[in-house]
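Comments concern the structure below.
A short reminder: the numbers here are calculations on the coordinates, not readings from a lab. The model shown is predicted, which means the values in this text are computed figures rather than measured ones. Quick reminder, even Gly has a Cβ in these numbers, built from the backbone with ideal geometry, and neighbours come from all protein chains shown.
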Amino acid sequence: MKPGIRIQIREVAPRDGFQSWPEFIPTAKKLEIVRMLIEAGITEMETTSFVHPKAIPQMRDAAAVMAGVPRNGCVHCPLVPNRKGAELALNSGADKLVVVISATDAHNLANVRRTVAASLHDLQSIFDLARECGKPVMGAIAVAFGCPYQGDVPEDDVYRLADAYVCAGASSLILADTTGMATPTRIVHLLSGFANRFSQIPYSLHLHNNRGTAMANLYAALDLGASTFDTALGGIGGCPNVPHAAGNLATEDVVFMLEDMGYSTGIDLMKLILAARYLESILGKTLPGQVMKSGPRDPKQVEALNALVPLPFCT
Ligand code: COA
Ligand code: ZN
């Protein structure tokens, strides 16, 4: 048991989850989900992204989403791929930015139509702009554990990108297994090397479940002392530029496991499950999350949950 050790959850469903959903989700529905997440105790969220509407049509209402989100106690961090996105995000009242660059040219070209070097060329101007507005910037490293086009990614390429972010002024980093290619051994290796080089830089681990290893990867990282994770309600999510993309770790699955192990997340599991079931009813498809179906350990709570919101699609 790990009594009281605090784990920070960064909720990414409104960005990573919604971005790949085939039908446009009405802004009002997105805002309802954001509100339910905040009521459940989420304190940091990738709320949307400021990207080209042709590249990601689902995010075309980014400004409207940011205008409508509750501000009470939640840090809203839109994702931005370039300087233009950063300008729009800061104008929308973002609390923090997430800049994304991939560790490989192949994925960066597919995702933002630029080489890594070209993305790095504009990086300082994004950080300068955010600093003028008094807002911190997280540097996200996509495909840090494997690339769907290149395969293995040399760890030095990941550390070089991390170094560029740190030099530009990143407050923290995101190490993303965009493609679900990590295994616990790779997690331990990369995170140990990262801790040796960047001991003062906090990071969040962003794990996808393409190959069923995401929860094992989280457990391996926890053992090493990782304390911040990106997760998505219902386990939705996926990069549109990854073939057969699979979801993120489900927030409610992670909260269930961590709290039962004695960690503290500050999140109300029952409210989270209700939000996940509501999301499933909005999207009209069975979602990958498990705890949203099985419920918590207490049978009375499961009964109460099922009476309140029966599972719409799972049998
Ligand atoms: N948001 C909205 N519009 C943008 C933009 C942004 N972040 N960045 C550029 N644009 C506009 C430019 O103003 C320009 O408009 P104009 O034709 O009216 O002058 C036009 O897009 C082309 O600009 P350019 O810099 O050549 O962009 P591009 O066409 O090469 O596209 C990206 C580059 C990064 C904007 C685009 O690939 C993108 O949005 N990718 C997002 C990928 C993503 O979100 N992946 C999942 C998350 S990791
Ligand atoms: Zn992701």
Relative contact order of segment 161-239, pairs being alpha-carbon contacts under 8 Å that are 6 or more residues apart, as %: 36 percent
Rh_Kirkwood(segment 96-165) over Cα pairs, Å, one decimal, evaluates to 12.4 Å
Under 13 Å from the Tyr149 label point (7 Å along Cα→beta-carbon), backbone N, segment 73-116: 102-116
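I need the fraction of alpha carbon pairs in segment 153-279 separated by more than 25 Å, rounded to a whole percent.
27 percent
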Ascending count of other beta-carbon atoms within 10 Å, so fewest first, for Phe18, Phe194, Phe24: Phe24, Phe194, Phe18
His121-Ser192 FRET efficiency (beta carbon distance; Förster radius 30 Å; 0.05 resolution): 0.45
Using the Kirkwood formula on alpha carbons, the hydrodynamic radius of segment 213-315 in angstrom works out to 14.4 Å
Lysine-lysine proximity count for the chain, Cα under 25 Å, sequence distance 8 or more or distinct chains: 23
Counting only DSSP beta bridges fully inside segment 8-308, the antiparallel percentage to nearest 5 is 5 percent
For the chain: relative contact order, % (alpha-carbon pairs under 8 angstrom, 6 or more apart): 19 percent
Please give the charge dipole size of segment 159-315, origin at the Cα centre, charges +1 on K and R Cβ atoms and -1 on D and E Cβ atoms. Round to the nearest 20 debye. 300 debye
Contour minus end-to-end for Arg35 and Arg131, with contour as 0.36 nm per residue of separation and end-to-end as the Cα-Cα distance? 31.7 nm
Connecting C-alpha atoms closer than 10 Å in a GNM of the chain, tell me which of Arg15, Arg113, Arg83 has the biggest fluctuation. Arg113
Can you tell me the equivalent ellipsoid semi-axes for the chain? Use √(5λ) from the Cα gyration tensor, largest first, whole Å. 29, 22, 18
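Summing Lys, Arg as +1 and Asp, Glu as -1, what charge do residues with Cβ under 9 Å from the Cβ of Ile42 carry, Ile42 excluded?
-2
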Helix hunt in the chain: which complete DSSP H runs extend at least 18 Å axially by C-alpha with mean Kyte-Doolittle at least 1.0? 269-283
State, as an integer percentage, the relative contact order of segment 56-154 based on alpha-carbon contacts under 8 Å between residues 6 or more apart. 28 percent
In the neighbourhood of Gln301 defined by beta carbon distances under 15 Å, the net charge of the other residues (Lys, Arg +1; Asp, Glu -1) is -1
Can you tell me how much longer the chain between Gln8 and Arg211 gets when fully stretched, taken as 0.36 nm per residue apart minus their C-alpha distance, in nm with one decimal? 70.6 nm
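Place a +1 charge on the Cβ of each Lys and Arg in the chain and a -1 charge on the Cβ of each Asp and Glu, then give the dipole magnitude about the Cα centre in debye, rounded to the nearest 20.
Values: 27 positive and 30 negative charges, 90 e Å.
The dipole magnitude comes to about 440 debye.
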Given a cut-off of 26 Å, what percent of all Cα-Cα pairs of segment 1-154 lie beyond it? 29 percent
